Structures are given as C-alpha cells and as structure tokens.
1. Quick one: which residues, 5+ away or cross-chain, put their amide H under 5 Å from the amide H of A53? H built at 1.01 Å from N.
2. Rounded, prolate or oblate: pick one for segment 24-76, where a ≥ b ≥ c are the square roots of the eigenvalues of its C-alpha gyration tensor, a/c under 1.5 means rounded, and failing that, prolate if a/b is larger than b/c, else oblate.
3. Which residues' amide hydrogens lie under 5 Å from the amide hydrogen of T13, considering only partners 5 or more residues apart or on another chain, with H built in the peptide plane?
4. Can you send over the carbon and sulfur percentage of the accessible area for the chain, probe radius 1.4 Å, protein chains only?
5. Quick one: Kirkwood hydrodynamic radius for the chain, alpha-carbon pairs, angstrom, one decimal?
6. Treating only the Cβ atoms of Lys and Arg (+1) and Asp and Glu (-1) as charged, compute the dipole magnitude of the chain about its Cα centre; round to the nearest 20 debye.
7. Compute the distance from the alpha-carbon center of segment 38-86 to that of segment 17-32, in whole Å.
8. List the residues, sorted by chain then number, that are 5 or more residues from S62 or on another chain and whose placed amide H is less than 5 Å from its amide H.
Amino acid sequence: MSSGYIIAHVDVTNPAQYEDYKKWSSEAIRMHGAEVCVRGGQVQVLEGDWSPARVVVLKFPSFEAAKAFSASPEYEKARASRQGAAVMRMIAVEGL
C-alpha cells in the first residue's frame, strides 16, 4: 500500500496565535499516527519563484488516512484556532 503525505506551505501572520494552532495540530497528528517529516526549519528556493515561509510534511500510512486527518474533528479544532493567524496552502499526495 502507498503512503500518503500532507504537504503544507504556511505564511504565519500572527505568531502568538499560531502557537495555539501548533498545540492542537500536534495533538491531531499524534492521534492520527502521522510521522512528522518536516516542520519548519530552513527553506531555500532552488528553482522557480516559490517562497514559503514555513513548510510542513506529514507521512500517513495511506493516501486515504492523510485525507481523513484533514477532515477529522481533531484537526478541525486546530484549523479553527488558526483563523487569522496564518495563510495555509495544503495538499494530500500519494507517495511511497
């Protein structure tokens, strides 16, 4: 079975409020058994004009599990806490 990944590009606009999102999203990640591959850290654009301030990559047991995480009540609580604190771009990707 293929793994599923969530890749997020985040522009944090309110760092203090974003701390609440990090707390609730960490709990949702733990509850859904995801592996955190990338969460923050240095970013350097190598090609193109992409300029994410923060990148997150989560690995799930399957593509379906990644999509289920995004739609879960646990992540919805995190999403609600992020309102006004960041601009989020997130995709689910089927992978190895």
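The values are calculated or read from the model by the stated rules, or taken from the named source; none is laboratory data. The shown structure was predicted, so the numbers you read here are calculated from the model rather than taken from an experiment. Neighbour counts are summed over all protein chains in view; Cβ atoms, including those assigned to glycine, are modelled from backbone coordinates with ideal geometry. What goes into the accessible areas is simple: the full protein's heavy atoms, side chains included, and nothing from ligands, DNA or RNA. Shrake-Rupley method; radii C 1.70, N 1.55, O 1.52, S 1.80 Å.
1. Those qualifying (amide H under 5 Å, at least 5 residues apart or on another chain) are V10.
2. Numbers: a/c = 2.39, a/b = 2.08, b/c = 1.15.
Verdict is prolate for segment 24-76.
3. Close amide H contacts, sequence-distant or interchain: A86, V87.
4. Working: 3180 of 5900 Å².
Answer for the chain: carbon and sulfur cover 54 percent of the accessible area.
5. On the way: mean 1/r = 0.0730 Å⁻¹.
This gives a value of 13.7 Å.
6. Details: 11 positive and 11 negative charges, 43 e Å.
Here the chain has a charge dipole of around 200 debye.
7. After rounding, the separation between the Cα centres reads 11 Å.
8. Correct list: G4.
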